[in-house]
1. Fully extended, how many nm does the chain gain between S78 and E181 (0.36 nm per residue separation, minus their Cα-Cα distance)?
2. Report the residues of segment 85-129 in range of a label on L66: point 7 Å along Cα→C-beta, backbone N strictly under 15 Å from it.
3. With r as the distance between the Cβ atoms of K132 and N162 and R0 = 25 Å, compute the FRET efficiency 1/(1 + (r/R0)^6) and round to 0.05.
4. Quick one: which residues, 5+ away or cross-chain, put their amide H under 5 Å from the amide H of I116? H built at 1.01 Å from N.
5. Sorted from largest to smallest, which semi-axis lengths in Å does the alpha carbon gyration tensor of segment 57-121 give for its equivalent ellipsoid, taking the root of 5 times each eigenvalue?
6. Of the listed peptides 143-149, 111-117, what is their order by residue-averaged count of other C-beta atoms within 10 Å, with the highest listed first?
7. Quote the FRET efficiency, to the nearest 0.05, computed for I150 versus N108 with a Förster distance R0 of 22 Å and r equal to the Cβ-Cβ distance.
8. Using the Cβ atoms and a cut-off under 13 Å, what net charge is assigned to the surroundings of R61, where Lys and Arg are +1 and Asp and Glu are -1?
Amino acid sequence: MPPSAAAPVNPAGTPSTAPTLTTTPAPIKEAPEAETTPARNAKRRYVAHRKPATQPDWVLRSKVELAMHSDARFSDVSVEVTRPGVVVLRGTVFDDKTKAEAERVARNVGGVKQVINALSTQTLVWLQTQIKINQALQQAGLKLVQAKVIGKTVYLSGTVSNPVDKQRAQTVALGVAPGLEIGTNIITVSP
C-alpha cells in the first residue's frame with residue numbers, strides 16, 4: 001500500500017486503525033552565508049572610481065602664480081581664482097605678445113579650465129608719454145622733431161637748425177618724462 005498523508009478509510013466510512021506509513025520531511029538546510037554578489041562589487045567599484053574633488057582655489061592660484069613668476073616678463077602679474085578652474089590674470093605686461101603668452105602659460109597649468117585675461121600692456125602708457133613729449137617739442141619751437149617711445153627709451157628724429165636745438169630736444173624730452181633715457185638721437189642739423 002502506498003504511503004499517503006491521510007489515514008485509510010474502511011467501507012463503513014470510519015478511519016481505519018491500521019498502521020500507516022508516514023514520511024517526515026527532510027530537515028531544511030540553512031542557506032550558506034550569501035557571498036558578495038557582483039552587484040555589490042559593482043557598486044563598490046563605482047564608488048572607487050568617483051571623479052576626484054576639485055582642488056582648493058588657493059592651490060590652483062599658487063600653481064598659476066608659480067608658473068607666472070618663473071618668467072621675469074610676468075613679474076607684475078597677479079592671479080585670482082573666481083570659481084573652481086577659472087583664473088583671472090591682472091596687472092601689466094610689456095606688450096600684446098607678452099599678454100598672449102601669459103594667458104597660454106596659465107592655461108597649461110593643471111586644473112585651469114578658463115583664463116580671463118585682464119592684463120594691460122605698457123604700450124598705452126608709452127603712447128601717452130610719446131604724445132606729451134611731442135607736444136612739448138612743438139611748444140618749444142622744435143616743430144620738425146619727433147619722439148618715439150618704446151618701453152623706457154625715447155628715440156628722437158627730425159631736423160633742427162643748430163646743435164644747441166639738438167641738445168635742447170633731448171632736454172625737453174627728458175623734462176617731460178624724467179624716468180626715460182635717450183636711445184638714439186638721429187636729429188640732423190641743417191643750415
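Every number here is computed from the coordinates shown, using simple stated rules; none is lab data. In this text the structure is predicted, and so the values were computed from the model without any measurement. Every residue, glycine as well, gets a Cβ built from its backbone with ideal geometry; the counts of neighbours run over all protein chains shown.
1. Numbers: separation 103, 0.36 × 103 = 37.08 nm, distance 2.83 nm.
Once the chain is fully extended between S78 and E181, it gains 34.3 nm.
2. Residues 106, 108-112 fall inside that zone.
3. On the way: r = 25 Å, r/R0 = 0.99.
Step by step, r from the Cβ atoms, then E = 0.50.
4. Those lying under 5 Å, H to H, from I116 are V87, V88, L89.
5. On the way: eigenvalues 63, 25, 19 Å².
Largest first, segment 57-121 gives 18, 11, 10 Å.
6. On the way: 143-149: 19.4, 111-117: 15.3.
Final packing ranking: 143-149, 111-117.
7. On the way: r = 29 Å, r/R0 = 1.33.
It comes out at approximately 0.15.
8. Values: positive: K63, R83, R90; negative: D57, E65, E80.
Summing Lys and Arg as +1 and Asp and Glu as -1 gives 0.
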